[in-house]
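Shown next, in structure tokens, is the structure this report addresses.
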Amino acid sequence: MHKFLRLLGIALLASFVTVGRGPAAGEEVDPEALKDAFFRTVFGLEYGGHADAYRVKRFVGPVRFFIDDRSGTGRQLEAQRFLNRLPRRIGHLQAAVVNQRSRANFRVILVRAQDFADVVASELQADSIAMNARCLVGVTTMNGRIQQSTAVIVADDDFLFPRCLVEEVLQGLGPMNDDDSLTESVFNDQSQHAEFTKFDQALMNVLYHPMIRPGMTGTEAHQTLPLVFADLGLSH
């Protein structure tokens with residue numbers, strides 16, 4: 001029962017820094033819409049099903065990103081800038097980009113579109129063609145605790161790259177489901193968002209609040225969210 005689970009999320013389209021609350025995390029975000037989005041994205045999976053799919057999933061402790069640029073596009077620095085900003089936008093997230101793959105628990109692999117299927121097959125043991133995926137993240141969890149994430153991101157497409165960088169990295173941090181009703185979120189393959197929206201920032205701040213524990217059921221989260229929203233200033 002307590003086994004490592006391999007979860008997949010898809011997109012169809014050096015010192016650690018710890019901060020408290022993400023700045024302006026709740027500005028212009030409707031609490032009811034945010035609560036609905038939390039349950040739609042944190043519970044369930046965009047592809048497949050496992051026991052942990054219906055429990056809260058997130059990292060506990062530092063996230064160590066390693067960028068593996070196989071694309072030759074020069075976009076590694078762009079990816080690094082995005083990753084370095086995450087602790088300033090997500091309260092209680094400890095994260096840094098590291099230089100050694102062996103130290104990482106979250107790999108971000110940048111590839112050319114023509115190589116995407118082969119890299120997904122070798123790194124994630126998945127069939128991206130059958131899944132109709134254009135970007136993909138694999139997440140290994142145990143009792144809701146994320147042990148390892150690997151995102152494969154197409155870097156030689158000017159729209160896909162920023163969109164996939166945001167969505168797959170955020171999904172690899174925990175909210176692995178998509179829903180077409182989430183108009184202000186990247187967790188919606190029908191939306192045109194290609195940036196880390198204020199709505200998604202608020203969502204990630206809720207997920208990484210200390211009161212939200214990995215392995216929580218939907219019932220447990222429902223009971224805890226009012227306290228989290230109040231602490232983050234997200235209540236009406």
>> Distances longer than 14 Å among the Cα atoms of the stretch 128-167: what percent of all pairs is that?
In response: 54 percent
> By its C-alpha gyration tensor, with a ≥ b ≥ c as the square roots of the eigenvalues, how is the stretch 72-221 shaped: rounded for a/c under 1.5, else prolate for a/b larger than b/c, else oblate?
Replying inline: rounded
>> Bin width 5 Å, origin at 0, all Cα-Cα pairs of the stretch 117-183: what percent of pairs per bin?
In response: 4, 16, 23, 27, 20, 8, 2, 0
> Restricting attention to the stretch 52-124, which trypsin sites (Lys or Arg not before Pro) occupy a DSSP loop and are surrounded by at most 15 other Cβ atoms within 10 Å?
Replying inline: ARG70, ARG112
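No value in this document is a laboratory result; all are computed from the given coordinates. This one's a predicted model, so the numbers in the text were calculated from it and none came from an experiment. Here Cβ is always computed from backbone atoms with ideal geometry, including for glycine, and neighbour counts include all displayed protein chains.
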